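Report on one structure; see the data block that follows.
Throughout, read-outs are computed from the coordinates displayed, never taken from laboratory work. All values reported here derive from a predicted model rather than from experimental measurement. Cβ placement follows ideal geometry from the backbone for every residue including glycine, while neighbour counts extend to all protein chains displayed.
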Amino acid sequence: MDYGILRPTWLTSTPIAHRGLFNLEAGVPENSLAAFDAAAEAGYPCELDVHLTNSGELVVVHDFDLLRATGTARPTETLTAGDLADTRLFGTDQRVPTLAEVIDCVRGRIPLQIEIKRRRKPDPRVLAKAVLDGTRGGDFALSSFDPLVVFWLRAARPRFPIGQISGLLATASPWSRVLGRNLVGNVVTRPDFISYELAGLPSRAVAMWRERGVPVLAWTVESPEDERKARKYADNIIFSGYLPVV
């Protein structure tokens, strides 16, 4: 059985910048247009996080709540297009961007690995369709922790590689943690790649899928020492805090 067919060269050959090439001390926060532009200038593909808001916006920010990123305790899903100009990131002049703005910012200079965030809502089919509609005509890889999102992305048969994200899953329920760590859903979702937490490697489940030809990306790699470990168990890295060789 084929467990994934779309594997562009960059996905396994070029280190991927985690939430862009950010440096908060320099006024360039994570998941900001400045961070994505810096990565594009340096030639690194970017990983980024996307939420679908209640008003239908695809916004790029990591957390389900905006407190850490903006200083305001507010669910990310409640953002509207009119709010974005005032949602400043980490006290800088950068604001929460939309996915369309990020795509326009990099202008095809680099590929993007888009992590699709979902907690309890929206419907995974609606979420998958919204992201696919927003990523036409570019070089992307799509991924999620949620196997339901991966399943519906796969069902849509996009031309993009689709990935399953997992790891130690420390905040998940015990049952979800066991299933997720062991990548049980892969039997149904058939991901093109796996993105797995470095702290959870080595993993028998990851090794099994890798032996079947499914590439593995290790996250988050934060030093040359981390990278040496990651290279033993993964085909590529998602990095932050240092600059690996392109």
**³J(HN,Hα) computed for each position of segment 85-101 - Karplus, 6.51 cos²θ - 1.76 cosθ + 1.60, integer Hz, glycine/proline x** = 4, 9, 8, 6, 8, 6, x, 9, 8, 7, 10, 5, x, 8, 4, 4, 5
**Request:** Could you please rank Trp10, Trp219, placing first whichever residue has the fewest other Cβ atoms within 10 Å of its Cβ?
**Result:** Trp10, Trp219
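Among bridges DSSP assigns within segment 21-116, what percent are antiparallel (round to 5)?
Around 60 percent of the beta bridges assigned by DSSP in segment 21-116 are antiparallel ones.
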**Message:** What distance in nm separates the two pseudo spin-label positions at Arg228 and Leu24, each 7 Å out from Cα along the beta-carbon direction?
**Reply:** 2.9
**Complete:** One finds the C-alpha centres of segment 225-242 and segment 60-86 to be spaced, in Å, by 30
**Item:** Equivalent ellipsoid semi-axes, segment 108-213, via Cα gyration tensor eigenvalues times 5, rooted, Å
**Value:** 23, 16, 12
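Checking the a/c ratio against 1.5 first, then a/b against b/c, what shape does the Cα gyration tensor give for segment 67-161? Write out the running numbers ahead of the final one.
Working: a/c = 2.33, a/b = 1.38, b/c = 1.69.
It is oblate, given that a/c is not under 1.5 and a/b is not larger than b/c.
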**Asked** When the Cα centres of segment 179-196 and segment 31-59 are compared, how far apart do they sit, in Å?
**Response** 24
**Fill in**
Checked against the positive end of the charge dipole of segment 129-246 (+1 on Cβ of Lys and Arg, -1 on Cβ of Asp and Glu, about the Cα centre), the farthest of Val184, Val149, Ser173 is Val184
**Prompt:** Taking H as built 1.01 Å from N, whose amide H comes closer than 5 Å to the amide H of Val96, not counting residues under 5 places away?
**Reply:** Thr87, Leu89
**Message:** What distance in nm separates the two pseudo spin-label positions at Ala199 and Val184, each 7 Å out from Cα along the beta-carbon direction?
**Reply:** 2.3
**Set of lysines near Lys229 by C-alpha distance (under 28 Å), chain-local residues within fewer than 8 positions excluded** = Lys117
**Fill in**
Which of (1) 129; (2) 138; (3) 119 gives volume of the Cα convex hull per residue in Å³ as computed here? It is (3)
**Request:** Taking H placed 1.01 Å from N in the peptide plane, check which residues at least 5 places from Val28 or on another chain put their amide H under 5 Å from its amide H.
**Result:** Asn23
**Message:** Give me Tyr196, Tyr233 sorted ascending by neighbouring Cβ count inside 10 Å, so fewest comes first.
**Reply:** Tyr233, Tyr196
**Item:** ³J(HN,Hα) computed for each position of segment 33-49 - Karplus, 6.51 cos²θ - 1.76 cosθ + 1.60, integer Hz, glycine/proline x
**Value:** 4, 5, 5, 6, 5, 4, 5, 4, 5, 8, x, 9, x, 10, 9, 8, 10
**Message:** List the residues, sorted by chain then number, that are 5 or more residues from Ala141 or on another chain and whose placed amide H is less than 5 Å from its amide H.
**Reply:** Leu112, Gln113, Ile114
**Request:** Using a Gaussian network model of the chain whose springs link C-alpha atoms within less than 10 Å, name the residue from Gln113, Gln164, Gln94 with the highest mean-square fluctuation.
**Result:** Gln94
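Taking neighbour counts of Cβ atoms within 10 Å as a proxy for exposure, in what order, fewest first, do Asp104, Asp83 appear?
On the way: Asp104 12, Asp83 17.
Starting with the residue having the fewest Cβ neighbours, the order is Asp104, Asp83.
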**In Hz, Karplus ³J(HN,Hα) per residue of segment 67-75 (6.51, -1.76, 1.60; θ = phi - 60°; x = Gly, Pro)** = 4, 5, 7, 10, x, 10, 6, 7, x
**Message:** Using the basic label-point model (7 angstrom from Cα toward the beta carbon), what is the Arg107 to Arg212 distance in nanometres?
**Reply:** 4.2
